[in-house]
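**Q** The structure is given below, and queries will be raised subsequently.
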Amino acid sequence: SIGTFGISADAESIQLAAEFLKQLGFNLQFHAVESLETTLQSPTVELRLNTLGSAECREVYSNYLEEYLNEWMLQNPNNPLSFDTFSRIKEGRVLRVLDSKAPEDQACINGAPSVQDSLSTESRERFHALCELLQQLGISYILDNRLVRGLDYYNHTAFEFTVDNDQTQASRPIALLAGGRYDMLASTMNAKHPIPAIGWAAGVERLVIELDHHHMKTSLGNDPSPVFIVPLLSSPVHDKIVRLRVLECATLLRAAGISSIVSHNQNDRDASATKSKTKSRQSIIRKGIKEAEKAKAQIACFVGEEEAERGAGCASLKNLSNGELFSNLTSSELISKIQALQIG
């Protein structure tokens, strides 16, 4: 997701990664929105989550960590760190030290300061809001203060989906998929301004090895044109529940095999606006339709205050090919109508 800074984009990126692994056949701590109150069971695959905070927070933590590492080496001359870790410290890439799986590095890493201690109030609140949103979506996670992204352009959210390493004695689980927010990447490529972005990547070889090891088979089909989902954010009083309902809607559609794209543009516009005036529902819908058409979607769904009050998965739908509008559909009606339109 490029150009979006809001936590909704972070949550959806994690949501998509979880659904991807689920479609491959992995067992995840990932639940349908109608069963959010159920007790989460220990999964085969776990989501590990952390934050690096803003660029300023990251720099503060890097300096703090570098001081700790140099002090540790002075106090432990008879317990040398691995060659890779020593090289990273010497080159100033201290965050990469926390990625080390070398046995001789673990005592040092386990005593390292936590990035949480270097977060600003704003970064801490952002991370807490993301965690709350994930919980509301039924996505459980493990807070891992040692999880970082060592490259300089990463900031804020960092996550991994991991499986237990039952083939070796490695101290950390194996990462199947990893991602994070990299708002500063564009600046490293001479962009005039930072461009917010979040994404993830998975190692094909690692996935194949795990699928084969557990004798799992998978088959991924071709999706029709995706459904474009637009949040109708009109007032600060209701926007929080609308954002949640939008992601719940996307979860339900994807669980039904319907590809969907969530618009996060208005999330970012409204996050920076004063919201002194409520916005016209119709004006937001018009902008949403333009976004959907630009994404070459044939169907657009809208979730605003009216739809949010009716519960998870409720939305209004517009067939962009003929302009036909279906208002306030329940989750089952929405899925049935989209499936009928895609077949027809």
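The values are calculated or read from the model by the stated rules, or taken from the named source; none is laboratory data. Bear in mind the structure is a predicted one, so any value in this text is a computation, not a measurement. Every residue, glycine among them, receives a Cβ derived from its backbone with ideal geometry; neighbour counts consider all protein chains shown. For accessibility, only protein heavy atoms count, side chains too; no ligands or nucleic acids. Shrake-Rupley method; radii C 1.70, N 1.55, O 1.52, S 1.80 Å.
**Q** Just the residues that are touching a strand residue (DSSP E or B) at 6+ places or on another chain (Cβ under 8 Å), more than 16 Å from Thr251 (Cα to Cα) and outside any strand (DSSP E or B), please, taken from the range 308-344.
**A** If the condition is that a residue be touching a strand residue (DSSP E or B) at 6+ places or on another chain (Cβ under 8 Å), more than 16 Å from Thr251 (Cα to Cα) and outside any strand (DSSP E or B), then Arg310, Leu320, Glu324, Lys337, Leu341, Gln342 are the ones that fit.
**Q** Restricting attention to the range 209-236, which residues are among the hydroxyl-bearing types (Ser, Thr, Tyr) and either at pLDDT 80 or above or surrounded by fewer than 13 Cβ atoms within 10 Å (Cβ to Cβ) (or both)?
**A** Listed by number, the residues that qualify are Thr218, Ser219, Ser225.
**Q** Of Lys296, Lys275, which residue is within 20 Å of Thr4 (Cα to Cα), modelled with pLDDT under 90 and open to solvent by less than 100 Å² (accessible area, probe 1.4 Å)?
**A** When all the criteria are applied, what remains is Lys275.
**Q** Of everything in the range 158-187, what is at pLDDT below 85 and among the polar types (S, T, N, Q)? Give them in sequence order.
**A** Within the range 158-187, Asn165, Gln167, Thr168, Gln169, Ser171, Ser187 meet the criteria.
**Q** Checking Lys22 against (1) basic (Lys, Arg); (2) more than 26 Å from Ser260 (Cβ to Cβ); (3) modelled with pLDDT under 90, which test does it fail?
**A** (2)
**Q** Residues in the range 115-157 that are hydroxyl-bearing (Ser, Thr, Tyr), in a helix (DSSP H, G or I) and in contact (Cβ under 8 Å) with a residue 24 or more places away in the chain: how many?
**A** 2
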